[in-house]
Amino acid sequence: MNTLHKLKKDISEAINVLTGQEISPANLTLTPTKKEFEGDYTLLVFPLSRYFGKRPEETAEIIGDYLKNNYDIIDNYNVIKGFLNLGFSKDYWLYALKEMTGTQDYGKGEHKSKKVMVEYSSPNTNKPLHLGHIRNILLGWSVSQILEKAGYEVVKTQIVNDRGIAICKSMLAWQKWGDGVTPESSGKKGDFLVGDFYVLFDKKFNEEYQEWQKTDEAKKIFEENNEKLTEEQFFKKYKNEYFNSHSVLGAEAREMLLNWEKKVPEVMKLWEMMNGWVLQGFEETFEKLGVYFDKSYFESNTYQLGKDIVDEGLEKSVFYKENDGSVWIDLEDINMDKKIVLRSDGTSVYITQDMGTADLRFKDFGTEKMIYVVGDEQEYHFKVLFEIMKRLKRPYADDMYHLSYGMVELPTGKMKSREGKVVDADDLIAEVILEAEKSAKERGELENTTEEERAAIYEKIGMAALKFFILKVNPKRRMIFNPEESVDLQGQTGPYIQNAYVRIKSIIRKTGKLEIKDFSDYAGINEYEKSLISSLSDYPELIQQAAEELEPSAIANFAYDLAKKYHKFYSEVRVLGAETEAAKNFRIALSNMVANILRDSMELLGIRMPERM
């Protein structure tokens, strides 16, 4: 039990003695006292006054007086309206730090019986991972780490979209214009090479479309279907129809997709080769990002799943069939639309596959909670999916959750894959590492390290910059990623937090060997030390809250606040040159605990800490 939780438990027991009422410690609101008031922690008394039958001020006086007279850790108190400000004795702070330093894996929650699946990444095999994927992957990984720290068993999965018309476009472009090029012969990563052919297909298609617009057929269609639009406006709107009805390249891509579904050998061989290139490229990027999956599912294996569920839904009258044979669900009773779950030709739609994949995952792992990390443009899709599974009475249906996130952009604006206007994940990773290297060289603090050591440090700083900058933002918000800002040692950045950790490690190295010695005689605890211990005391509850809310930004902001407090402590308080041996021992123990929690909290964000920078 951490010290802050123990305090809540003590207050809960005091209220029980005073009123005979059982108040759960979880229902008590206890926060650090604001700087303008005297005290260390403040108890919100307004909700408690009804148990005492008195006004909030009187209730606060009764509780404060009882705590001061019966608990040694309470030194004094004062009441401001309905707030009880508690001042702690030095014994509280010493006990708190001693308990933290003696707790293995501080902040780790008790084991939860519920098993959780987190699905993230979900890339397409027609292009490399890009900046948008990075936000998805980092969110999914961090949420997984936080849930595990909170005590849950977590299964990390991804669904790889490795079939469909987009993949066929890349395949067709390679077949027509690739001249047998491979990753080995070109010196390119496989996912980059395949992505180039996806862009090339779009370039060739646009050229074909431009030529077609000059034909009599195109002019006739424009005249017959014109809706008071200019030619430019009309043909921009007509582009998808052209691809499906007139385009030679479109017809060839659709034929390739049909041949894939028929398992035509030469098409399957080409698909397996190019998919293999992309998947190998993905693995290299995942390794750079420091993430992995317990299991990867592939759409080529799952796209037929869910049809049995559709039959089940028809039997249970959850779904209904139209005259053309298509199958739908009517959700108008909950202010949603009718949604197709099977086409008239018997082929699946995305939601059909998602139904089948959810059942498969439950069968594979028995996960009672399923979290889908997917962009906010898919919010309606997941509302429909979750409602369907509830109506089918799946045992996991009440705990399906869409962790949606906003688009991430660069200062230059939005990205467009088909036009090649994207920032690939590998290029962005290389850029932030280069920014970290430039920043480190300007400071000139790594001159006594080897080239290999410097490269490892640059990588840690660069990846911290990238990951922290993205994860410090609430997932719901859209954001702009600025590589140069992300490495600023003075801003709210990953490197700023790493710098606090490195500063502590430097102090500890100067002691020769870390040894937590007795500090029970230390009597002069100052406001900077109290502030650090208060933050450290909040850590276990923060983990539980971040796990409940699936909110990595709470961890990121905590780590930044803790680092900021330590930088202030370091500038105002002597550690190795402390006034007494007890003070020195206390401050070394405190500094080491801060370092441990900085490292631990940053690991929850997927960030590694350097020893020097």
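Just so it is clear, none of the values below were taken in a lab; they were calculated from the coordinates. Quantities reported herein were computed from a predicted structural model and do not represent experimental measurements. Methodologically, a virtual Cβ is constructed for each residue, glycine included, from the backbone with ideal geometry; neighbour enumeration extends over all protein chains shown.
List of remarks:
- Computed over all pairs of different Cα atoms, the Kirkwood value for the hydrodynamic radius of the chain is 28.3 Å.
- For the stretch 165-292, size of Cβ-based charge dipole, Lys and Arg +1, Asp and Glu -1, in debye: 100 debye
- Loop-located GluC sites (Glu not before Pro) in the stretch 5-94 (DSSP state other than H, G, I, E, B) with a sparse environment of at most 14 neighbouring Cβ atoms within 10 Å: GLU22, GLU36, GLU38.
- Here's the picture: charge each Lys and Arg Cβ at +1 and each Asp and Glu Cβ at -1 in the chain, and of VAL384, THR302, MET479 the one pushed furthest to the positive end of that dipole is MET479.
- Sparsely packed GluC sites (Glu not before Pro) within the stretch 443-491, loop by DSSP, other Cβ within 10 Å at most 14: GLU445, GLU447
- Folded to 0 to 90 degrees: helix 527-549 orientation relative to the chain principal axis, Cα: 40 degrees
- Since only LEU84, ALA60, LEU48 are under comparison, the one whose Cα sits farthest along the positive direction of the charge dipole of the stretch 39-90, derived from C-beta charges on Lys, Arg, Asp and Glu, is LEU48.
- A viscosity of 1.567 mPa s and a temperature of 4 °C, combined with the Kirkwood radius over C-alpha pairs in the Stokes-Einstein formula, give the stretch 3-88 a diffusion coefficient of 103 µm²/s.
- In terms of overall dimensions, the stretch 499-609 has a Cα radius of gyration and Dmax of 14.4, 44 angstrom.
- Look at the Cα gyration tensor of the stretch 304-346: its axes a ≥ b ≥ c give a/c of at least 1.5 with a/b over b/c, and that counts as prolate.
- Normalising the average separation of contacting C-alpha pairs (under 8 angstrom, six or more residues apart) by the number of residues puts the relative contact order of the chain at 15 percent.
- DSSP-defined beta bridges in the chain - what % are antiparallel, rounded to 5: 50 percent
- Residue ranges 598-607, 423-432 sort as 598-607, 423-432 when ordered by packing (mean number of other C-beta atoms within 10 Å per residue, highest first).
- Helix axis angle, 90-101 relative to the chain longest principal axis, alpha carbon, degrees: 40 degrees
- Each listed q (0.35 Å⁻¹) maps to a log10 I(q)/I(0) for the stretch 460-502, found by the Debye formula over equal Cα scatterers with no solvent: -1.27.
- For the chain, the residue among GLY606, VAL118, TRP277 whose Cα projects farthest onto the positive side of the dipole built from Cβ charges is GLY606.
- Angle between the chain longest axis and helix 379-391 axis [Cα atoms, degrees, rounded to 10]: 90 degrees
- Amide hydrogen proximity for LEU342: with H placed 1.01 Å from N in the peptide plane, the residues at 5 or more positions away or on another chain lying under 5 Å are VAL327.
- In Hz, Karplus ³J(HN,Hα) per residue of the stretch 131-146 (6.51, -1.76, 1.60; θ = phi - 60°; x = Gly, Pro): 4, x, 4, 4, 4, 4, 5, 5, 4, x, 5, 5, 4, 4, 5, 5
- Cα centre as origin, Lys/Arg/Asp/Glu Cβ charges: the stretch 422-492 dipole, Debye: 640 debye
- The trypsin sites (Lys or Arg not before Pro) of the stretch 290-343 that DSSP puts in a loop, and whose beta carbon has at most 13 other beta carbons within 10 Å, are LYS316.
- Taking the Cα centre of the chain as origin and assigning +1 to Lys and Arg Cβ atoms and -1 to Asp and Glu Cβ atoms, the resulting dipole is close to 720 debye.
- For VAL160, the residues whose amide H sits under 5 Å from its own are TYR297, PHE298, GLU299, ignoring neighbours fewer than 5 places away on the same chain, with H placed 1.01 Å from N.
- Shape of the stretch 421-574, Cα gyration tensor, a/c cut at 1.5: oblate
- Set against the 2.2 N^0.38 Å expectation for a compact globular protein, the stretch 288-394 has a Cα radius of gyration ratio of 1.14.
- Each 5 Å bin, from zero up to the one with the longest distance, holds this percent of the alpha carbon pairs of the stretch 58-202: 2, 8, 10, 9, 8, 8, 8, 8, 7, 6, 5, 4, 4, 5, 4, 3, 1, 0.
- Residue-normalised convex hull volume from the C-alpha trace of the stretch 165-292: 146 Å³ per residue.
- Under Karplus coefficients 6.51, -1.76 and 1.60, residue-wise ³J(HN,Hα) of the stretch 597-613 in Hz, glycine/proline x: 6, 4, 4, 5, 5, 6, 5, 5, 9, x, 10, 9, 9, x, 7, 9, 7
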